[in-house]
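Asker: This is the structure, below, for whatever I ask next.
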Amino acid sequence: MTSKSVLLLVSFIVVSSVMGAKYIFLVNAPPDSVMGVSHSLACPCECPMVLEDCHMSCGLQWKNQIGEKLTAGLAKDDIVAYFYKRYGSESLLTPAQRFAGKWYQVSRGGYPVKDMVLFGMIVLVWTALLNTVLVMGKEKLQSLTKK
Amino acid sequence: MRVIAGIIVILFPVIAFGAEGRVLIPAGTALIGTDMESLSSQLGDARAKPDWYKDETPSKKIAVEAFLIDVTEVTNERYKSIAKDHSFPQNLTKYAAVNVQWDDADRFCKAVGGRLPTEVEWEYAARGPKGLIFPWGNDFYPRNVIYMDSAGEKPGLTVGSYDQESSGANLLGGGAPVATLEEGKSPFGLYDMAGGVWEWVDTWYDEARGLRTLKGGSWLTPLASVRSATRLADYPSRIFNDYGFRCAYNAE
């Protein structure tokens, strides 16, 4: 395996970890928006999805309720509290459930295209930078050794 | 003297419970709400944040006038007798009427000579003079209540197939006929004040935002929400298959 392949692999692992964590755990929408609140809730339908990705009728019903409550001026925490009071932990996500939900979303074709393009670009740029730094470092080291 | 005592004993159920299943709640001091310090120990789920229930804090003592209240939630059968267009599965006549808007519940209660109870009246009727956490006491007993974990424990609970289903339809569980859980009665003898269905009360949760208060938790809710102090806010136009009600009546 060449050093460039190793670098590319390392870059891939590092960037995919960061991007994956961002995709799974970080909210891509403002917290006081339907998607921002939906990010914290589980889909109530017969699927393991995060509510923000769920487009089944029962999921849309919950999103509609979230929208109405936001319009009335309720904050994200008030809305999450409402869902917990009504449905308990069924409405919440553990980190494992969130991971499973996002994996389910990706595996059924719900690819986050924008994030994936960004991911590819970051991997390439990061690898190139790392490669340049290592090559320059190696040359510097060789010149020092010659002296 | 014995004759008088005998007559009182015979007449007591009629005086206290009435012909339509009402119970007289005597005037007294109601302990309402919960103190923040004791809240986290009452929630029973590490994932439930005390902040989500802070709307019931702090606890207060409020004087309550005597009033009467239904022993059970209004059933489908009873509701249909006034609200002729109410539809429900025919095997659920003795179940609490659900999918009822606040306005319709209020209209029904007025039609039978009553009104919806206020939140203070409801909570007093549920917790009794001692201000219990649950209607039956301060410790939680799953057998006394129909809540989210009852699906496995009480086989036969059913959601039913309503014309207008709601978001709980995909979750396991469901209701049971009213007044089936004897051990879950409140100190005043009321059934199903915890779990079963949420009950509309005649108190605004947030008038500016148009939110009404619901009490008691339902077959969908966690342990934390079947505590009698729990408050839920929702729009009066909402219909859900776990939103019902019972009526109160002035004592005079």
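Asker: What are the aspartates and glutamates whose alpha-carbon lies under 17 Å from the alpha-carbon of A:Lys22, with same-chain residues fewer than 8 places away excluded?
Answerer: Those aspartates and glutamates meeting the cut-off are A:Glu52, A:Asp53, A:Asp115.
Asker: How would you order B:194-206, B:226-238, A:48-60, B:80-92 from highest to lowest mean count of nearby Cβ atoms within 10 Å?
Answerer: B:194-206, B:226-238, A:48-60, B:80-92
Asker: Checking the a/c ratio against 1.5 first, then a/b against b/c, what shape does the Cα gyration tensor give for the stretch B:72-247? Before the final figure, lay out the partial values.
Answerer: Numbers: a/c = 1.40, a/b = 1.07, b/c = 1.31.
Rounded shape, in that the Cα axes give a/c under 1.5.
Asker: Something else now. Nearest 100 Å², what total accessible surface is buried between chain A and chain B (probe 1.4 Å)?
Answerer: Working: alone 9670 and 12230 Å², together 19470 Å².
Buried surface at the A/B interface: approximately 2400 Å².
Asker: Of B:Gly113, B:Val74, A:Cys47, which is farthest towards the positive pole of the protein assembly as shown's charge dipole, taken about the Cα centre with +1 and -1 on the beta-carbons of Lys, Arg and Asp, Glu respectively?
Answerer: Most positive-ward Cα: A:Cys47.
Asker: Would you work out the charge dipole size for the stretch A:31-111 about its Cα centre, treating the Cβ of every Lys and Arg as +1 and the Cβ of every Asp and Glu as -1, and quote it to the nearest 20 debye?
Answerer: 100 debye
Asker: Sticking with this one: List the aspartates and glutamates whose Cα sits under 14 Å from the Cα of B:Lys54, skipping any in the same chain fewer than 8 residues away.
Answerer: Answer for B:Lys54, where 14 Å is the Cα cut-off: A:Asp77, A:Asp78, B:Asp35, B:Glu37, listed by chain and number.
Asker: Determine, from the Cβ-Cβ distance of A:Ala72 and A:Asn131 and an R0 of 51 Å, the FRET efficiency 1/(1 + (r/R0)^6), rounded to the nearest 0.05.
Answerer: For R0 = 51 Å, the calculated efficiency reads 0.40.
Asker: What figure, in Å² to the nearest 10, do you get for the accessible area of A:Phe25 with a 1.4 Å probe and non-protein molecules left out?
Answerer: 100 Å²
Asker: Lys/Arg Cβ at +1, Asp/Glu Cβ at -1, dipole of chain A taken about the Cα centre: which of A:Thr127, A:Asn28, A:Thr2 is farthest positive-ward?
Answerer: Of the options given, the answer is A:Thr2.
Asker: Output ³J(HN,Hα) for the stretch A:48-54: one whole-Hz value per residue in order, computed from phi by the Karplus curve 6.51 cos²θ - 1.76 cosθ + 1.60 with θ = phi - 60°, and x for Gly and Pro.
Answerer: x, 7, 6, 4, 4, 9, 8
Asker: With the full set of protein chains in place, find how many percent of the accessible area of the stretch B:67-108 is carbon and sulfur; take the probe as 1.4 Å.
Answerer: Using a 1.4 Å probe with all protein chains present, the stretch B:67-108 comes out at 48 percent carbon and sulfur.
Asker: May I pose another question? How much of the accessible area of chain A, in percent, comes from carbon and sulfur atoms when a 1.4 Å probe is used?
Answerer: 69 percent
Asker: In the stretch B:26-62, what residues drop by 20 Å² or more of accessible area when the other protein chains are put back, versus the chain on its own? Use 1.4 Å, and skip ligands and nucleic acids.
Answerer: The answer is B:Asp45, B:Arg47, B:Trp52, B:Tyr53 - residues whose exposure falls by at least 20 Å² when every protein chain is included.
Asker: Cα to Cα, under 14 Å, and not fewer than 8 places away if on the same chain: which aspartates and glutamates meet these conditions relative to A:Lys138?
Answerer: none
Asker: Multiply the residue gap between B:Lys130 and B:Arg115 by 0.36 nm, knock off their C-alpha separation, and tell me the result in nm, one decimal place.
Answerer: Values: separation 15, 0.36 × 15 = 5.40 nm, distance 2.52 nm.
Contour length minus Cα-Cα distance gives 2.9 nm.
Asker: For the stretch B:72-247, with only Lys/Arg (+1) and Asp/Glu (-1) charged at the beta-carbon, what is the dipole magnitude about the Cα centre, in debye rounded to 20?
Answerer: Its charge dipole is roughly 260 debye.
Asker: Tell me, what ³J(HN,Hα) does each residue in the stretch A:120-127 have, in order and in whole Hz, if you take phi through Karplus 6.51 cos²θ - 1.76 cosθ + 1.60 with θ = phi - 60° and put x for Gly and Pro?
Answerer: x, 5, 5, 4, 5, 5, 5, 5
Asker: Once you average over the residues of B:215-226, how many Cβ atoms of partner chains fall within 10 Å of each Cβ?
Answerer: 3
Asker: Kindly tabulate the residues in the stretch B:170-211 with an accessible-area decrease of at least 30 Å² between the chain alone and the assembly of all protein chains, using a probe of 1.4 Å.
Answerer: When all protein chains are present, B:Asn170, B:Leu171, B:Arg209 each give up 30 Å² or more of accessible surface.
Asker: Near A:Val37, within a Cβ-to-Cβ distance under 13 Å, what is the net charge of the other residues, with Lys and Arg +1 and Asp and Glu -1?
Answerer: The answer is -2.
Asker: Give me, ordered by chain and number, the residues 5 or more places off B:Ile146 or on other chains with an amide H under 5 Å from its own placed amide H.
Answerer: B:Gly196
Asker: I need the phi-derived Karplus couplings for the stretch B:78-84: 6.51 cos²θ - 1.76 cosθ + 1.60, θ = phi - 60°, integer Hz, Gly and Pro marked x.
Answerer: 5, 5, 5, 5, 10, 8, 5
Asker: For the cross-link pairs A:Lys69/B:Lys61; A:Lys4/A:Lys114; B:Lys60/B:Lys185; B:Lys80/B:Lys185, which exceed 28 Å when the distance is taken from alpha carbon to alpha carbon? Provide the component values of the computation, followed by the final result.
Answerer: Working: A:Lys69/B:Lys61 31 Å; A:Lys4/A:Lys114 26 Å; B:Lys60/B:Lys185 23 Å; B:Lys80/B:Lys185 25 Å.
Check vs 28 Å cut-off fails for A:Lys69/B:Lys61.
Asker: Would you mind working out the magnitude of the charge dipole of the protein assembly as shown relative to its Cα centre, with +1 at each Lys and Arg C-beta and -1 at each Asp and Glu C-beta, to the nearest 20 Debye?
Answerer: That gives the protein assembly as shown a dipole magnitude of about 1600 debye.
Asker: Do any residues of the stretch A:88-103 lose at least 10 Å² of accessible area when the full set of protein chains is present rather than just their chain alone, and if so which, with a 1.4 Å probe?
Answerer: Correct list: A:Gly88, A:Ser89, A:Glu90, A:Leu92, A:Thr94.
Asker: B:Ile133's amide H: which non-local residues (gap 5+, or another chain) put their own amide H closer than 5 Å, with H modeled 1.01 Å from N in plane and none for Pro or chain starts?
Answerer: Here the answer is B:Asn138, since their amide H atoms fall under 5 Å of that of B:Ile133.
Asker: Okay, next question. Find the accessible area per residue for the protein assembly as shown; the probe is 1.4 Å, ligands and nucleic acids are left out, and the unit is Å². Numbers along the way, then the final one.
Answerer: Numbers: 19470 Å² over 399 residues.
Normalised by residue count, the accessible surface of the protein assembly as shown is 49 Å².
Asker: In nanometres, what is the gap between the two model label sites at B:Asp139 and B:Asp51, each 7 Å from Cα along Cα-to-Cβ?
Answerer: 3.4 nm
Asker: In peptide A:35-47, how many Cβ atoms from other protein chains are near each Cβ within 10 Å, on average?
Answerer: What the average comes to for A:35-47 is 1.
The values are calculated or read from the model by the stated rules, or taken from the named source; none is laboratory data. All values reported here derive from a predicted model rather than from experimental measurement. Don't worry about glycine lacking a Cβ; one is built from the backbone with ideal geometry, like all the others, and counts go over all protein chains shown. For the accessible areas, the whole protein counts, side chains as well, though only heavy atoms, and no ligand, DNA or RNA atoms are used. Shrake-Rupley method; radii C 1.70, N 1.55, O 1.52, S 1.80 Å.
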